[in-house]
Amino acid sequence: MYRVSLARDLLKLLIGLLIAAIVLFPLYWMINASFQPRTALLAAIPSWFPDPPILEGYMNAIAGQGTALLTSCFVALSSAVLSLVIAAPCAYALVIFKLRFTTFFIFVLLLVQMIPNVVMANSLYTIFARAGWLNTYQALILSDASLSTPFAILLLRAFMVSLPRTLTEAALVDGTGYWGAFMRVILPLSRNGLITAGLFCFLFAWSDFLYALTMSTKQKIVPITLSIYQFIGTHGTDWTSVMATAVLASIPPIVLLLAGQRQVTAGLMGGAVKE
C-alpha cells in the first residue's frame, strides 16, 4: 500500500514538473535568446545555452527602449493609483449603504468587463479627440484606468464585505462619520485587498497594447508594448534585442508580484469567507 501511494505521488510530481516545464519554456527561451548573437537564432540547430553569453541585445534594448520602459512605469503606476482612488470609496459605499440599485450597479460593472476592448478604444478615441487629449499621458492613464477600475471595485467590495461591520458601527458611534470610518478603519484593514487590486491594475496597464496604439497617433508617447511592436522591422528584425527588451519588460511585474505575493494571496482569499 505504501509503495502504491509513493508511486502515485511520484507520478503526480512528474506530471507537475512536466506542466511547469511546458509553461515556463517560453520564458526560458526568451532569456536564452536575449544572450545569443543574431546569427545563432537563425541557425538550423538552435543553441540551448548561450556560449558565451553576450550583452549586445541588452545594450541595444536599454539605448533604444529605455524611454519606453520609463513611460510604461509612469503610466501603469498612475493608472493603478487612479483606479484605487476611485474604486476604494466606491466599494466602501456599496458595502455600507444599502441602496436599491446596488445589485444593478454590480451587474453593470460585470457587463462592462465583457465589452470588447476594441469597442471601448474607439469610444475613448472619439472622446479624447474632441477634448484634444490624443498623444497625452492623461489619455493613456484614463484609458487604462477605465479598464481596471470596474475589476478593482468588485475585488475591493468582496474584501470589504468580509470585514466585521461592527468596526464601522463603533467608529460611527465615536463620531468619526462615514468618511472618517473609511479613512481610519476600513482602509488600514483593507491593506491586502488594496495591494492586490493595485497589482492587477498595474498589470492591466503595463500589458496594454490596444489603448496605447489607439491614443498615440503621432507616436509621441510610446509604452513598452507599443515600442516592442515597432522594434520588429518589416524586412529584418534584431531578435536578440527584441528578446532582451521583452526580458527587461518582464522584470517590473515579476518583482512586484514576488514582493506582494503574500498580500495577493490574502487579498484574494479575504472575500471568500464572510464572518
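The values are calculated or read from the model by the stated rules, or taken from the named source; none is laboratory data. Note that the structure is a prediction, hence the values are computed from the model and not measured. Note that we place each Cβ from the backbone using ideal geometry, even for glycine, and neighbour counts take in every protein chain shown.
Quick look at the values:
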read-out	value
Any hit, region 165-185, residues being touching a Lys or Arg at 6+ places or on another chain (Cβ under 6 Å) and within 15 Å of Val95 (Cα to Cα)	no
Any hit, region 84-102, residues being over 20 Å from Phe200 (Cβ atoms), of a type outside the set (Asp, Glu) and at pLDDT 85 or above	yes
Within region 116-137, considering residues that are outside any helix (DSSP H, G or I) and either of a type in the set (A, V, I, L, M) or within 16 Å of Phe209 (Cβ to Cβ) (or both), the one nearest to the chain's Cα centre (by Cα)	Pro116
Residue check for Pro164: in contact (Cβ under 8 Å) with a residue 24 or more places away in the chain, farther than 25 Å from Leu69 by Cβ, surrounded by fewer than 13 Cβ atoms within 10 Å (Cβ to Cβ) and not charged (D, E, K, R)	yes
Meets criteria (more than 29 Å from Ser148 (Cβ to Cβ), surrounded by 10 or more Cβ atoms within 10 Å (Cβ to Cβ) and within 23 Å of the chain's Cα centre (by Cα)) for Phe35	no
Any chance Gly57 is more than 24 Å from Gly198 (Cα to Cα) and surrounded by 15 or more Cβ atoms within 10 Å (Cβ to Cβ)	yes
Hey, Trp133 more than 30 Å from Tyr58 (Cβ to Cβ), out of contact with any Phe, Trp or Tyr (no Cβ under 8 Å at 6 or more places or on another chain), modelled with pLDDT of 85 or more and among the aromatic types (Phe, Trp, Tyr) or not	yes
All positions within region 30-45 that are of a type in the set (A, V, I, L, M, F, W, C) and either outside any helix (DSSP H, G or I) or at pLDDT below 85 (or both)	Ala33, Phe35, Ala40, Leu41, Leu42, Ala43, Ala44, Ile45
Residue that is modelled with the lowest pLDDT [pool: residues in region 168-180 that are of a type in the set (A, V, I, L, M, F, W, C) and under 15 Å from Phe97 (Cα atoms)]	Leu172
Top-ranked residue of region 183-193 - restricted to ones that are touching a helix residue (DSSP H, G or I) at 6+ places or on another chain (Cβ under 6 Å) and surrounded by fewer than 21 Cβ atoms within 10 Å (Cβ to Cβ), ranked as nearest to Leu77 (Cα to Cα)	Asn192
Qualifying residue in region 71-88 (condition: aliphatic (A, V, I, L, M), under 24 Å from Gly177 (Cα atoms), surrounded by 14 or more Cβ atoms within 10 Å (Cβ to Cβ) and without any contact (Cβ under 8 Å) to a residue 12 or more places away in the chain)	no
Selection from region 97-115 of residues that are surrounded by fewer than 16 Cβ atoms within 10 Å (Cβ to Cβ) and in a helix (DSSP H, G or I)	Thr102, Thr103, Phe104, Phe105, Ile106, Phe107, Val108, Leu110, Leu111, Val112, Gln113, Met114
